[in-house]
Amino acid sequence: MAPKGTPVVVKMDNPSYSVVEIDDPDAAFKPMEKTRGKNPKQVTWVLLLKAHRAVGRVAWIATLFWDLLGTIKRSLHIPSDDDIHGLLHLVYVTWLPFRADYIAPLIQALSKFCVALFLVQSADRLMLSLGCFRIKYKKIKPKIEGDPFESVDVEECSYEYPMILVQIPMCNEREVYEQSISAVCQLDWPKDRLLIQVLDDSNDESIRYLIKAEVATWSQRGINIIYRHRLERTGYKAGNLKSAMSCEYVKAYEFVAIFDADFQPSPKFLKQTVPHFKDNPELGLVQARWAFVNKDENLLTRLQNINLCFHFEVEQQVNGVFLNFFGFNGTAGVWRIKALEESGGWLERTTVEDMDIAIHAHLNGWKFIFLNDVKVLREVPESYEAYRKQQHQWHSGPMQLFRLCLPAILTSKIAIWKKANLIQLFFLLRKLILPFYSFTLFCIILPLTMFVPEAELPVWLGSSYEWVVTKKAGRSSESDLVAAPERESKITNQQHIPRGASQSEFTEYNELKEQKQAAPIRIKKVNKIYRKKLTLAFLLLAASVRSLLSAQGVHFYFLLFQGVTFLLVGLDLIGEQMS
């Protein structure tokens with residue numbers, strides 16, 4: 001037995017084992033020293049080795065995928081460039097006779113039909129323009145003989161003034177309710193002969209309280225004004241007006257003036273319109289013209305001003321002078337209450353209740369007068385989205401109304417030429433044909449003829465459209481627009497709290513007023529993209545390029561400007577951007 005502490009060396013045949021030196025029996029139970037850490041060079045080599053292995057695997061996968069593609073390519077027949085060119089040529093050669101035999105005749109027939117409608121509509125526009133020229137040249141306009149209501153002592157002779165009911169229908173009009181109520185309350189008319197109805201259909205309780213407080217403010221000043229809110233909001237504006245006319249006290253009034261919430265009549269409005277009813281028992285409606293306070297805001301408002309000025313100064317004025325009939329614009333007009341009652345009152349069957357009541361009054365023999373010199377201020381939509389919604393509301397109901405009114409028109413006792421005017425001109429031509437043919441002819445058929453040369457349009461068509469259809473005239477009164485801010489500032493300075501309100505109502509009213517008058521939060525505005533407009537813009541621009549490259553490039557400029565216009569609309573660059 002070896003002495004204690006003597007080293008023992010063990011040799012093994014297996015080279016995988018190492019030699020262990022044991023100093024004493026307790027050496028195996030001593031803790032082993034911690035292995036020295038790897039240096040940075042060793043870590044770098046390890047990472048490079050792993051990266052090399054990863055790259056090798058990726059290269060192997062890529063080689064395998066490439067071999068697979070080669071196998072697929074060898075098993076399939078891929079045509080050469082000559083084969084592809086030959087196939088395209090075959091398709092083109094097959095397309096030419098198909099285009100000439102089937103597509104071109106269809107486009108040609110549609111184009112002839114639309115050109116015929118274009119000539120009819122152009123003749124209508126020409127007749128209206130000649131009528132407007134005659135009115136201007138002869139200085140024809142409704143006149144008032146003297147001043148039937150002139151009096152030195154108005155209070156003593158108030159019986160000379162008829163009883164007037166003024167209605168202001170509104171719904172959630174937070175931004176404009178104050179200025180419209182203020183403008184109506186300043187109408188120059190004896191207070192005991194005037195009643196103002198604020199017909200509020202708002203579903204927002206805070207807005208209802210603001211409007212009610214504004215009504216109370218003017219009531220404290222001695223204005224005969226009533227706030228009315230319906231519990232059952234049916235029939236929209238027509239239902240609101242119908243409900244207000246059912247009040248018992250309305251029977252004491254002879255005329256009713258209607259103003260939407262965004263309208264601001266001048267103080268002389270009633271004295272400029274109501275006298276026309278005197279000694280004219282057949283007169284049922286006096287309509288005033290609209291003027292726009294924001295007509296120079298952007299390109300969209302300028303275009304709307306041009307279009308609406310043509311509507312009022314040409315269409316409405318000519319029809320009013322020569323036919324004593326036109327479509328009621330729904331606001332800025334004075335009705336004889338008897339005419340409304342005999343015509344069936346406000347009907348809720350369509351969204352164009354103003355046109356509906358005007359047609360029924362015309363069928364009952366009532367006459368209309370349009371006053372081109374009397375203007376009522378309002379605003380036009382500044383964004384394309386708001387403009388699109390407004391136009392949809394204006395144009396969605398006439399054809400439904402035509403279907404409902406056609407039996408009444410045919411069985412009415414008016415003259416045959418008046419029936420023909422209602423059916424052919426008022427409804428079919430101006431409400432159906434004009435919107436249909438103009439878009440179809442100039443935005444669909446004309447661009448398609450650039451790609452289908454067999455279908456040809458008259459050379460004069462592209463250049464004459466802008467002159468005949470969109471040639472407008474008329475401008476708003478600058479004096480009215482300048483006077484608007486002065487009147488508004490005067491109204492604002494006169495605002496005060498109702499005397500009869502309680503302390504809690506005072507506090508709530510002040511809080512709401514402060515919120516309303518606080519500086520608006522800046523909201524980032526973005527452009528909305530309209531895909532349909534962009535698609536049409538692409539078609540028009542492609543057709544303009546085709547027209548320029550072809551021998552018949554006469555329509556190039558029209559297609560180019562039309563395409564750029566649709567491009568601007570599609571990118572929402574023509575008006576104020578939506579927030």
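The values are calculated or read from the model by the stated rules, or taken from the named source; none is laboratory data. Model, not experiment: these values are computed from the prediction. Positions of Cβ are generated from backbone atoms using ideal geometry, with glycine treated the same way; all protein chains shown enter the neighbour counts.
Of the helices (runs of 4 or more DSSP H) lying entirely inside segment 308-380, the ones with 3 or more residues being under 22 Å from PRO265 (Cα atoms) and in the same structural domain as LEU285 (by TED's automatic domain parsing) are found at 353-363.
Please verify whether VAL250 is part of a strand (DSSP E or B), within 25 Å of GLU341 (Cβ to Cβ) and touching a helix residue (DSSP H, G or I) at 6+ places or on another chain (Cβ under 9 Å), treating the condition exactly as stated.
When the stated conditions are applied, VAL250 does not pass them.
The set of residues in segment 281-303 that are in a helix (DSSP H, G or I) and either β-branched (Val, Ile, Thr) or closer than 24 Å to ILE168 by Cα (or both) contains only THR301. The residues in segment 217-276 that are in contact with a Leu (Cβ under 6 Å, 6 or more places away or on another chain), among the β-branched types (Val, Ile, Thr) and free of Cβ contacts under 8 Å to residues at least 40 places away in the same chain can be counted, and the count is 0. With respect to being farther than 25 Å from ARG125 by Cα, of a type in the set (Asp, Glu) and assigned to a helix (DSSP H, G or I), GLU385 fits the description.
For the structure I just gave you, tell me whether THR301 is of a type in the set (Ser, Thr, Tyr), surrounded by 18 or more Cβ atoms within 10 Å (Cβ to Cβ), in contact with a Gly (Cβ under 9 Å, 6 or more places away or on another chain) and within 20 Å of ALA261 (Cα to Cα). Taking the combined requirement at face value, the residue satisfies it. Among the residues of segment 88-136, the ones that are hydroxyl-bearing (Ser, Thr, Tyr) and within 23 Å of GLU313 (Cβ to Cβ) come to 2 in all.
Selection over segment 253-262 of residues that are modelled with pLDDT under 95 and either part of a strand (DSSP E or B) or surrounded by fewer than 22 Cβ atoms within 10 Å (Cβ to Cβ) (or both) gives a count of 2.
You will find that of ILE225, ILE207, ILE211, the residue that is closer than 26 Å to HIS276 by Cα and either surrounded by 19 or more Cβ atoms within 10 Å (Cβ to Cβ) or assigned by TED's automatic domain parsing to the domain that holds PRO275 (or both) is ILE225 and no other. Identify, from the list ALA291, ALA361, the residue that is surrounded by 21 or more Cβ atoms within 10 Å (Cβ to Cβ), more than 21 Å from the chain's Cα centre (by Cα) and aliphatic (A, V, I, L, M). Of the residues listed, the single one that is surrounded by 21 or more Cβ atoms within 10 Å (Cβ to Cβ), more than 21 Å from the chain's Cα centre (by Cα) and aliphatic (A, V, I, L, M) is ALA361.
Give the residue that is nearest to ASP354 (Cα to Cα), with candidates limited to residues of segment 179-238 that are small (Gly, Ala, Ser) and not in a loop (DSSP other than H, G, I, E, B).
Across segment 179-238, the extreme among qualifying residues is ALA238.
For ARG403, indicate whether it is out of contact with any helix residue (DSSP H, G or I) (no Cβ under 7 Å at 6 or more places or on another chain) and within 30 Å of ILE574 (Cα to Cα). No; evaluated as a whole, the condition is false for this residue. Cβ-Cβ distance below 9 Å, separation of 6 or more or different chains: which pairs start in segment 42-58 with a residue that is surrounded by 10 or more Cβ atoms within 10 Å (Cβ to Cβ) and end on one that is at pLDDT below 85? Listed by first residue and then by second, the contacts come to VAL46/LYS38.
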